[in-house]
């Protein structure tokens, strides 16, 4: 595993393809507590510390079968742009608390959405 870090805190996109339904459920339940679900099998970890990132990686390694499963973790640059086409990324009726909204949209590169 190779990790390149620029700074103390970083947002990351986590995507997975898990073959076993039991492991799939474990990964989903774990990531629901550590990140924000964006799409099926895709999560956004906002402004994680080095320790939080390492904890997520260690727990995923415990759950996964590295010969069958695939997890990708992509560091996101600050201020990156995100484009959504189609259904809302949070799902119908799902809302974030106001204090999280600016942080979430900034991390997703959508801070301008707050001004509209």
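For the reader, a short list of remarks on this structure follows.
- Fewest neighbouring Cβ atoms within 10 Å first, the residues 17, 69 line up as 17, 69.
- Modelled label positions at residue 68 and residue 49, each set 7 Å beyond Cα in the direction of Cβ, lie 3.6 nm from each other.
Values in this text are rule-based calculations from the coordinates and carry no lab data. Just so it is clear, the model here is predicted, and its values are computed rather than measured. Cβ atoms come from the backbone with ideal geometry, glycine included; neighbour counts cover every protein chain shown.
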